[in-house]
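One structure is given here, and the rest of the page talks about it.
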Amino acid sequence: GGGRRIGGAAVISFASGWIALVLALPTPLDTLGGRLFSAHMVQHELMMVVAAPLLVMGRPLAAWTWAFDRGHRKRIGRWVQARWLAAAWSSLTDPIVAWCFHATVLWLWHLPVLFSAALLHDGAHALQHASFLVSALFFWWAVLGRDPRIGSATGLSIAALLTTLIHTGALGALLS
């Protein structure tokens, strides 16, 4: 059949990203995260720095599309190619937009009131984790590019990565 295939490296990345999410969430690390700040931060790092880039390198949109039969794939493909959706996706994965979104999510959830809410309420904690993962996925998509096999090492992508290292380092220092 026609269409692009998903290579072995993408499959391994995609599976590894899911394994990293499983290690971060429904494991003893999650229970320990309720008692130890360091374990809680390890969860966040596993989601944002390990799982998210691996999932992006695993070409998740292609992987999920291949889960459908040929007829549905063609309909989904036509829908995904709609101009408004392509424009929205292009905006959300623009390095500046993705950087701002990810940075905002990180800093907001570490404000004392939201951080405390996430520690005290399971729903807030789940929302915190979901927003960290989603913002990290957009961020890594912007850094790694449309085709993560070849990357998009543009100046903006590299600047986004470096400035994220700086501001998250500052956030870590403030939390310590």
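The values are calculated or read from the model by the stated rules, or taken from the named source; none is laboratory data. Every value quoted in this text rests on a predicted model; they were computed, and no experiment measured them. Every residue, glycine as well, gets a Cβ built from its backbone with ideal geometry; the counts of neighbours run over all protein chains shown. Areas reflect the complete protein model, heavy atoms only, side chains present, ligands, DNA and RNA absent. Shrake-Rupley method; radii C 1.70, N 1.55, O 1.52, S 1.80 Å.
Annotation: per residue accessible area for the stretch 37-176 equals 56 Å², rounded to a whole number [probe 1.4 Å, protein chains only]. To the nearest 10, the accessible area of Trp99 is 70 Å² with a 1.4 Å probe. Dividing the radius of gyration of the alpha carbons in the chain by their Kirkwood radius gives 1.00 for Rg/Rh.
Span-like helix check, the chain: qualifying full DSSP H segments, with Cα axial length of 27 Å or more and mean Kyte-Doolittle of 1.0 or more, are 122-144, 155-175.
Taking the Cα centre of the stretch 1-128 as the origin, how large is its charge dipole in debye, to the nearest 20, when only Lys and Arg (+1) and Asp and Glu (-1) carry charge on their Cβ atoms?
860 debye
Size of the stretch 14-97: Rg and Dmax of its alpha carbons, in Å, are 17.0, 49. Measuring only protein heavy atoms, the 1.4 Å probe finds Arg75 accessible over about 130 Å².
Just the protein heavy atoms count here, and of the accessible area of the stretch 66-176 at 1.4 Å, carbon and sulfur take up 72 percent. Take Met41: with every protein chain present and a 1.4 Å probe, its accessible area is about 40 Å². Each label point was placed 7 Å from the Cα along the Cα-to-Cβ direction; for Leu61 and Leu119 their separation is 3.9 nm.
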